[in-house]
1. Taking the condition of being touching a helix residue (DSSP H, G or I) at 6+ places or on another chain (Cβ under 8 Å), without any contact (Cβ under 8 Å) to a residue 12 or more places away in the chain and either more than 9 Å from chain A (Cβ to nearest Cβ) or surrounded by fewer than 16 Cβ atoms within 10 Å (Cβ to Cβ) (or both), how many residues in region B:126-152 meet it?
2. Can you confirm whether residue A:432 is touching a residue at least 60 places away in the same chain (Cβ under 8 Å) and in a loop (DSSP other than H, G, I, E, B)?
3. Among the residues of region A:429-440, are any facing chain B (nearest Cβ under 9 Å), farther than 30 Å from residue A:188 by Cβ, touching a strand residue (DSSP E or B) at 6+ places or on another chain (Cβ under 9 Å) and modelled with pLDDT of 85 or more?
4. Assess whether residue A:303 counts as being without any contact (Cβ under 8 Å) to a residue 40 or more places away in the chain, in a helix (DSSP H, G or I) and within 30 Å of residue A:3 (Cα to Cα).
5. Any idea which of (1) more than 8 Å from chain A (Cβ to nearest Cβ); (2) under 30 Å from residue A:397 (Cβ atoms); (3) at pLDDT below 95 is the one residue B:39 doesn't satisfy?
6. Only one of B:67, B:100 is more than 26 Å from the chain's Cα centre (by Cα), facing chain A (nearest Cβ under 9 Å) and without any contact (Cβ under 8 Å) to a residue 12 or more places away in the chain; which?
7. Which condition number in (1) under 29 Å from residue B:48 (Cβ atoms); (2) more than 10 Å from chain B (Cβ to nearest Cβ); (3) buried (at least 19 other Cβ atoms within 10 Å of the Cβ) is the one that residue A:480 fails?
8. Would you say residue A:369 is touching a residue at least 24 places away in the same chain (Cβ under 8 Å), touching a helix residue (DSSP H, G or I) at 6+ places or on another chain (Cβ under 7 Å) and closer than 19 Å to residue A:130 by Cβ?
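The values are calculated or read from the model by the stated rules, or taken from the named source; none is laboratory data. All of these numbers come straight from a predicted model, not from anything done at the bench. Ideal geometry is used to build each Cβ from the backbone, glycine not excepted, and the neighbour counts take in all protein chains shown.
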């Protein structure tokens, strides 16, 4: 049990007053970010990254991951109390959470949501703990062609498995790659696509893009819909909390099923949003009380919350072990890792075990702390949403722009954030997926380097992606299957139809 | 062919507009990448090789979106934005735009105070003293959090220079 020993060493690193305080601060900031409209987890993490430049990487990642957990919990709070999902991944929670709150069971719904989310997260971290040793050994066999194949797999799965139009997914992704190529080219040293603007030599920061696309874009959308909060007053009574916890064993099947779905969708780049919807759908299909769903069925809260959080935590594993983030927030965090001078990937486990295992240990503690803190602070954060939007709205705008400026202290970034904001609003309204663009901006340079290095090895022959090893060929096959999955599934259906 | 009342923009025209815009971005990427060669040099692929194909993919996929727009959205009377929504967006966007423009000249602190004050008094109908106290409070909090605690300075303007705050 090498992993267990490593994990204990990780706990040793994390258990300090400073780190615990950071964790609490991260969770509280995260809840705030999750509760406020327009400030989701990816955006919140982007805003915090400039503040971590001077921190030691272990402390920085603790702050960021804790913020992520907090944001996930905050998103569930507004889903249940206000029928407003703070995060896209908590949309499914509104289906039954809000009706439950309307019927006067707000505490019950919130407790179920938080505790099942906490359980989902812990299952996710446990899976990470068990798998990381194995993934690392696997990943040590990697060279450039394999890396390129894994990146390709990630991107293909977004195109083939996403719910959006594949053309729109490709446009979004390729634009991300395009933005990533702006500035200094790492291999030749030329400055590309700057069109004579010296401000562009340093490139377009993905953080500015995230702040614009996710933060400002979402705010514009919120404003367009005309913001109205019809909140339900929540007072958390401890007796109700324990009563709700006592009902959890009756949801054990839902819990296990949802946690497994979440782990799978988190490790493969399905992401928390898809996981929560899928888990809700399956819970409904297998339930004996199908009619209750949508009208305040407790299992309809347990299922999406568990899957959402186990997917959120599991998305960290491919980011650490392979350098392939499983969600938009994980992509932003990975960008943070690179800024702190760490290289995500298998070598990280060997060169910086303190960082990796400190992170994993902090995920156990952070999630437990988040459950406790969120239960304690629900009334406070619900009160924040009652502050008029003419104060909260401009405050969020100001924080977004300050965050954009801090990334590198460039005036141009303020304009870029504004442009990305408008662009993000348009893309979101027209159902373009935005996560692939962020992913491509973070992974763009690495993907291009892997491709060019492979091409240099093979003297320009693309066959290296099939012949270098059985591993690379296998990954390429899976990537192609995922890419053409919509077509393949149609063919299978047709074949079945003919056979029947 | 009736037009739903109050429609400012239809979904179809926005689909077409955005697809043309992304296609244009693709063309710009292609054009920009020709600067350093898009072919195969002595040291493998030239710097423009990767971006050139990226640009090409953007253009092709945008064309795909365009075709889809004509196939699925053309005859449906889908609304992208109603007049009322457009009005709400402008009320939000224009002050935000003014804030960014002002911060280029005045720095972030002064322009954020003007922005908060303006939105609170004009759109939120708050009294001037109340709005002023929120603005000053925000500036003080931001100054201590960013300049003192995290030591990440914000963009400053002539007022800070005059007050000798750097």
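1. Let us first name the residues in region B:126-152 that are touching a helix residue (DSSP H, G or I) at 6+ places or on another chain (Cβ under 8 Å), namely B:126-128, B:130-132, B:134-136, B:138-139, B:142-143, B:146, B:150, B:152.
From what is left, the residues that are without any contact (Cβ under 8 Å) to a residue 12 or more places away in the chain are B:126-128, B:130, B:146, B:150, B:152.
Okay, now just the ones that are also either more than 9 Å from chain A (Cβ to nearest Cβ) or surrounded by fewer than 16 Cβ atoms within 10 Å (Cβ to Cβ) (or both), so B:127-128, B:130.
Within region B:126-152, residues that are touching a helix residue (DSSP H, G or I) at 6+ places or on another chain (Cβ under 8 Å), without any contact (Cβ under 8 Å) to a residue 12 or more places away in the chain and either more than 9 Å from chain A (Cβ to nearest Cβ) or surrounded by fewer than 16 Cβ atoms within 10 Å (Cβ to Cβ) (or both) number 3.
2. Working: touching a residue at least 60 places away in the same chain (Cβ under 8 Å): yes; in a loop (DSSP other than H, G, I, E, B): yes.
When the stated conditions are applied, residue A:432 passes them.
3. Yes, some residue in region A:429-440 is facing chain B (nearest Cβ under 9 Å), farther than 30 Å from residue A:188 by Cβ, touching a strand residue (DSSP E or B) at 6+ places or on another chain (Cβ under 9 Å) and modelled with pLDDT of 85 or more.
4. On the way: without any contact (Cβ under 8 Å) to a residue 40 or more places away in the chain: no; in a helix (DSSP H, G or I): yes; within 30 Å of residue A:3 (Cα to Cα): yes.
The answer is no for residue A:303.
5. (2)
6. Values: B:100 fails: more than 26 Å from the chain's Cα centre (by Cα).
Every option except B:67 fails the conditions.
7. In the conditions (1) under 29 Å from residue B:48 (Cβ atoms); (2) more than 10 Å from chain B (Cβ to nearest Cβ); (3) buried (at least 19 other Cβ atoms within 10 Å of the Cβ), residue A:480 misses (3) alone.
8. On the way: touching a residue at least 24 places away in the same chain (Cβ under 8 Å): yes; touching a helix residue (DSSP H, G or I) at 6+ places or on another chain (Cβ under 7 Å): yes; closer than 19 Å to residue A:130 by Cβ: no.
Criteria not met by residue A:369.
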